[in-house]
Structures are given as C-alpha cells and as structure tokens.
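One structure is given here, and the rest of the page talks about it.
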Amino acid sequence: MKVPILDNHLHLDPAGAGASAISEFARAGGTHIILCHKPYKQAPIKRAADYEKAFGITLELAEKVRKETEVTVWVTLGPYPVELLHLAEKMPLAQAKEILLAGMDRAGEFGRAGAAIGLGVIGRPHFDVPPEILAASNEILLYGMELARELGCAAVLHTESGTPEVCRELACLADRAGLPRARVVKHYSPPLITEDANSGLFPSVLSSEKNIAKAAALGTRFLMETDYLDDPSRPGAVLGVKTVPKRTLKLLNEKILTEEDIFTIHQQNPKRVYGVEVEV
Ligand SMILES: [Zn+2]
C-alpha cells in the first residue's frame, strides 16, 4: 500500500544536490514536494527586474526534478522578506519596498499562469529589525495577502517564531486582506496545531521527532516540512531531505498515526490549503 508523503517546504540550490536530493527523498518513500523559492547567490536582487532571473532559477530546479524523478513538484514564489533589509542599506526604504512589491507582482503573475501554487515565502525578517523595517514588511505582507486572495492561492509565511500571539496578529492581517486564514501557511511552525493556538492559520510543522510526536498527539490539522536548504556550505543546517518520509512511515509502523491520518495530513490538508490533488 503506497501512501502519499509531501514535504510541504523545502529548497534546492543550483550549487547543491538538486534533483538527486529529491531522488533520495523518493527512495525513502516521499512522493510530492513543494519547492519554495529562496535567494540564490547566482541571482542577487538589486532592482525589481532581478526577480525574473531569481524566480526562473526556482522554476528551472523544479523542472529538473520533474524530468529526473517520479516526484510531483509544486512551486511557491515570493520576494524573500530579509531582502528588504539588505536593499534598505543601499537605498531609501521606500525604494527598497517598491522592489519587493514588484517582486510580489511578478510572483503573482507566475501564480496566475499556473507556474506557482502560492506566494511564498513572504512576510518579515525572523529576527528583530528597526520599527520602520517591520512596518514596511507588514505593508508588503498585507499586499501579498491581498494578491493571494485575488488569485485564490495560498500565502506561505516566513516570520519570527509562531507563538500564539504572533499567529493571532498574522491571522488579523489575513482577515484585513480578505484571505481565508486556512490558506495562510505558517512555515517553520512549532507543533501549535489547535486552532486556538494558531488562530486558524495552517501550520507547516518543522518535522523534528519531538515536534511531530507532539503534533500527532494533538490531531491531524498540520503539514510536514524539513526546510531542507540544499546548501553545500551549510550541511545539516536544517533537517535532512529524507526526514518527512522517514518520520511519516515510522509513525505509521508504530501505529501512532493510522493510514487515514496519513492521507489527511499529506493529501487532504494540501488540497484544502493549495487546491492541489496529491495522488499516489
Ligand atoms: Zn525555507
């Protein structure tokens, strides 16, 4: 019996293992991935037009995985939130903000064309930043959420740690944008999977053994991710590429999760969040 196994958030790098990392994922039992855009050394963002090349790298990496493996790949694209900070060191903040907004628009066009299933990651730096940077980041995030509502797609958030307070604030922002809370994915989430803990956002739980054990004990309203970076200069920076299939199959074998639970987490949940069909 084959079960669907989706890594909801990982990255590939042109200088990394790329498609061969995804072959390893497949050999461990993985069937689907959501490849999330990240900044690439080969395509620094200095002006709005640079997003074309940067997003193109993510789409090319996805295409290579499709050609070389059996794994189904979907893509999310968005202007990486920390870029605002780098740009604002070299130009007025308003100008830096315009560049990220243009990146959001370009990501939206790829979404409209069917090349991306969501805007992501978008959000704000995961560390303390000056208040004006935070305010500008929130404005860019709100704009992205409005765009996601317009496109009928998901928004994948990169922010500071998802405490219940942070989730509540982000949920209010989604409400302002008219974007359903359940289409807002909180990436790198702790096992805060009850709706009173995450305010109805959709948690993508970082799949450490501890996190997943806690999440599985609370229910099935979550997605699993590794945030694998595929960065040869930072091996082991986050979880390995085989982690989601390994943990999923272990929970199934140990009867901590039933087969039905696995289908909920890896098939129904992504369908609810992104509208995708996870087939095995
Ligand atoms: Zn990531």
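Could you tell me whether the stretch 190-280 comes out rounded, prolate or oblate from its Cα gyration tensor? Rule is a ≥ b ≥ c as square roots of the eigenvalues, rounded for a/c under 1.5, then prolate if a/b exceeds b/c, otherwise oblate. Please list the in-between numbers first.
Numbers: a/c = 1.42, a/b = 1.33, b/c = 1.06.
Rounded, because the longest to shortest axis ratio a/c is under 1.5.
What lysines could a cross-link reach from Lys67, if we take a straight Cα to Cα line under 25 Å and drop same-chain neighbours fewer than 8 places away?
Lys2, Lys38, Lys41, Lys53, Lys242, Lys246, Lys271
Expected output is a single nm value to one decimal: the length gained when fully extending between Cys172 and Glu277, i.e. 0.36 nm times separation in residues minus the C-alpha distance. What is it?
On the way: separation 105, 0.36 × 105 = 37.80 nm, distance 2.87 nm.
In short, 34.9 nm is gained.
Using packing as a proxy for protection, rank 33-42, 16-25, 175-184 so that the peptide with the highest average count of other Cβ atoms within 10 Å comes first.
Values: 33-42: 21.8, 16-25: 19.5, 175-184: 17.9.
Per-residue Cβ counts within 10 Å, averaged per peptide and sorted highest first, yield 33-42, 16-25, 175-184.
May I ask you to derive the relative contact order of the stretch 1-126, considering only C-alpha pairs under 8 Å and at least 6 residues apart, and to give it as an integer percent? Don't jump to the answer; show the numbers that get you there.
Details: 190 pairs, mean separation 33.1, N = 126.
Value for the stretch 1-126: 26 percent.
Give or take rounding to whole Å, what are the principal axis extents of the alpha carbon atoms in the chain, in descending order?
56, 41, 33
Using just the helices of the chain, give the 222 nm mean residue ellipticity in deg cm²/dmol: DSSP H runs with n ≥ 4 each add -39,500 (n - 2.57), and the total is spread over all residues, rounded to 500.
On the way: 11 runs with 125 residues, N = 280.
Computed ellipticity for the chain at 222 nm equals -13500 deg cm²/dmol.
Sequence gap at least 6, Cα distance under 8 Å: using those rules, report the relative contact order of the chain to the nearest whole percent. Before the final figure, lay out the partial values.
Details: 559 pairs, mean separation 59.3, N = 280.
So the answer I get is 21 percent.
Please give the Cα centre distance for the stretch 179-224 versus the stretch 94-166, rounded to the nearest Å.
Taking the Cα centre of the stretch 94-166 as reference, the centre of the stretch 179-224 is 20 Å away.
Read-outs: derived from the displayed coordinates by stated rules, not from any lab. On a predicted model such as this, the values are computed, not experimentally measured, just so you know. Glycine gets a Cβ as well: all are built from the backbone with ideal geometry, and neighbour counts include every protein chain shown.
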